[in-house]
Each structure stands twice: as structure tokens, then as C-alpha cells.
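The values are calculated or read from the model by the stated rules, or taken from the named source; none is laboratory data. Everything quoted here is computed from the prediction, not taken from an experiment. Cβ coordinates were reconstructed from backbone atoms using ideal geometry, including for glycine residues, and neighbour counts include every protein chain displayed.
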Amino acid sequence: MPETPPDKDEAVQWFRKGNEHLNLGRHSEAVEAFDRAVQINPKNAEAWNHRGLALASQNRFEEAAKSFDRACSTDPSHPDAWYNKGLVLCALERYEAAVRSFEKALEINPQNAHAWHNKGVALARLGLDAEAKFAFSCAGWIGLHGGI
């Protein structure tokens, strides 16, 4: 008798287990659990995103970037995946690509002060001081007037 394929409920269970491990700082175990979740349901952008977070927490930035890429391609409207991708691209000193990722996050949620700020950091690293100053100003304004 053929084995029945795992169902999406099992993927959800692995995703929850991954989050538990991530919250407890057990990053390797979190990656393993998220790996299981995306093996079962490769269209789960949130699992790809959280897998990237667990990898980034281990300074495995190249792998994290690939995981965030997968989250973004699975759900192009996922602002956290675009934002997180920008962060790891900054860590990899790929500032132009990071700016593009932060811009995608801001297209989806223009009230994200953190994305504005980190876009400013990437622009400053590129020597684009006027653009960086504008991004920092946007972050500050949002911080004063509400936003995330």
C-alpha cells in the first residue's frame, strides 16, 4: 500500500515547531523544522521567511538570502520577506540589491520606518548621501507620527 503524502496540517505543525525553536534561540533546530515545513508545502512563504530568519541568526547570510528570495517569489506581496532580504543583503555588502529590496517592502508598506531607515543605511554605504538623508527623514517622520 503506498504511503500517503504528508498534509498541510503537518506542514503547519513543523512551522510552529520551527518558531518555537527560533524563539528559544535554537536556530539549527529551527532551520530543520522549517526545512520540513517547506518540503511538505513549498508554497508557504511565511515558512521560507522564518527559515531565512533562522539562517541569518547563524550568520548564514547567503543561505538566508536564498530563503528570502523563495519567500518573495512565492508571495511577492510579503513585506517582511522583502525587508529581511534587504537586511541580509546589507550584511553581505550588496547595497544596491538591498536598496531594491527595501523599496519593494516600502511599496507594500510605506509606513515601515525600519525599512526607510535601513534603506538609508544602504544608500549611505553607496555614497548617496542626499537620498540617504531623505530616507532617514522619512523614517523619523513615521516614527514621530505612527507606523512600524
Practice problem: Search the range 88-106 for residues being more than 15 Å from Leu126 (Cα to Cα) and of a type in the set (A, V, I, L, M, F, W, C), and hand back the single one that is surrounded by the fewest Cβ atoms within 10 Å (Cβ to Cβ). | Solution: Leu106
Practice problem: Report, ordered by the first and then the second residue, all pairs with beta carbons closer than 7 Å, sequence separation of six or more or different chains, a first member in the range 122-148 that is in contact (Cβ under 8 Å) with a residue 12 or more places away in the chain, and a second member that is not in a helix (DSSP H, G or I). | Solution: Ile142/Gln111; Gly147/Gln111; Gly147/Asn112; Ile148/Gln111; Ile148/Asn112
Quiz prompt | Ser73 at pLDDT 95 or above and surrounded by 15 or more Cβ atoms within 10 Å (Cβ to Cβ) | solution = no
Quiz item: Given the conditions (1) surrounded by fewer than 20 Cβ atoms within 10 Å (Cβ to Cβ); (2) over 30 Å from Leu144 (Cα atoms); (3) among the β-branched types (Val, Ile, Thr), which single one is not true for Val38?
Solution: (1)
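Does Ala97 fit the bill of being in contact with a Leu (Cβ under 6 Å, 6 or more places away or on another chain) and either under 22 Å from Lys119 (Cβ atoms) or assigned to a loop (DSSP other than H, G, I, E, B) (or both)?
Yes; evaluated as a whole, the condition is true for this residue.
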Quiz item: Here are Lys85, Lys43: which of them is free of Cβ contacts under 8 Å to residues at least 40 places away in the same chain, assigned to a loop (DSSP other than H, G, I, E, B) and either in contact with a Ser or Thr (Cβ under 9 Å, 6 or more places away or on another chain) or surrounded by fewer than 22 Cβ atoms within 10 Å (Cβ to Cβ) (or both)?
Solution: Lys43
Quiz item: Of the residues in the range 115-148, how many are charged (D, E, K, R), surrounded by fewer than 16 Cβ atoms within 10 Å (Cβ to Cβ) and either touching a Gly at 6+ places or on another chain (Cβ under 9 Å) or not in a helix (DSSP H, G or I) (or both)?
Solution: 1
